[in-house]
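A quick write-up on the structure given underneath.
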């Protein structure tokens with residue numbers, strides 16, 4: 001898998017962070033993304049999603065190629081700092097990575113009741129944003145079909161947070177640890 005190779009050869013470890021911003025979530029390597037979309041779409045095969053939901057900004061590339069592979073629309077939750085007065089489904093999220101609080105919001109008109117939703121994002125660490133997306137889907141009267149992430153740091157508790165809701169969680173590449181400046185990947 002090209003994504004796995006890219007992580008092994010191009011990712012950087014900076015303290016507790018795995019930096020994949022040279023190819024996944026800042027500078028976007030368009031050679032990788034068709035495969036990422038197909039791989040994620042395969043994880044949702046047979047579940048018949050009505051749409052893909054992700055969060056701006058770094059979730060948009062994997063969300064878009066997955067939606068294209070599935071042949072369904074994509075919606076991305078917008079992130080705002082501070083209180084909003086918009087007609088949305090919204091959740092407050094704290095980001096330990098960025099040290100800030102923000103709101104994720106989805107306009108009610110783009111997430112009607114009864115939708116079967118595949119949630120896709122670039123990275124799973126603590127799972128706070130992903131949890132907010134799942135709660136938004138359920139508040140809207142939809143069904144969370146599951147979550148698929150391009151990359152998961154398995155040692156940060158995000159999977160446990162999501163599975164505690166009864167949601168299915170998957171990832172294309174799982175990082176077992178960050179040791180001595182190196183990302184240790186779990187076997188495929």
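The values are calculated or read from the model by the stated rules, or taken from the named source; none is laboratory data. What you see is a predicted model, and the numbers here were worked out from it, not measured in a lab. Positions of Cβ are generated from backbone atoms using ideal geometry, with glycine treated the same way; all protein chains shown enter the neighbour counts.
The condition (being closer than 24 Å to residue 21 by Cβ and in contact with a helix residue (DSSP H, G or I) (Cβ under 7 Å, 6 or more places away or on another chain)) is satisfied by just one residue among 126, 63: 126. For the condition at pLDDT below 95, more than 14 Å from the chain's Cα centre (by Cα) and under 24 Å from residue 2 (Cβ atoms), residue 187 qualifies. For residue 48, the conditions (1) over 17 Å from the mean Cα position of the chain (by Cα); (2) surrounded by fewer than 14 Cβ atoms within 10 Å (Cβ to Cβ); (3) free of Cβ contacts under 8 Å to residues at least 40 places away in the same chain are fulfilled apart from (3).
For region 25-45, residues that are buried (at least 20 other Cβ atoms within 10 Å of the Cβ) and without any contact (Cβ under 8 Å) to a residue 40 or more places away in the chain total 4. Quick one: is residue 67 closer than 23 Å to residue 145 by Cβ and surrounded by 20 or more Cβ atoms within 10 Å (Cβ to Cβ)? So residue 67 fits the description; yes. If you check 172, 162 for being under 17 Å from the mean Cα position of the chain (by Cα) and not in a strand (DSSP E or B), only one passes: 162.
Considering the conditions (1) buried (at least 23 other Cβ atoms within 10 Å of the Cβ); (2) at pLDDT below 95, residue 54 is excluded by exactly one of them, (2).
When only residues in region 150-169 that are crowded, with 23+ Cβ neighbours inside 10 Å and in contact (Cβ under 8 Å) with a residue 40 or more places away in the chain count, which is nearest to residue 53 (Cα to Cα)? The selected residue is 150.
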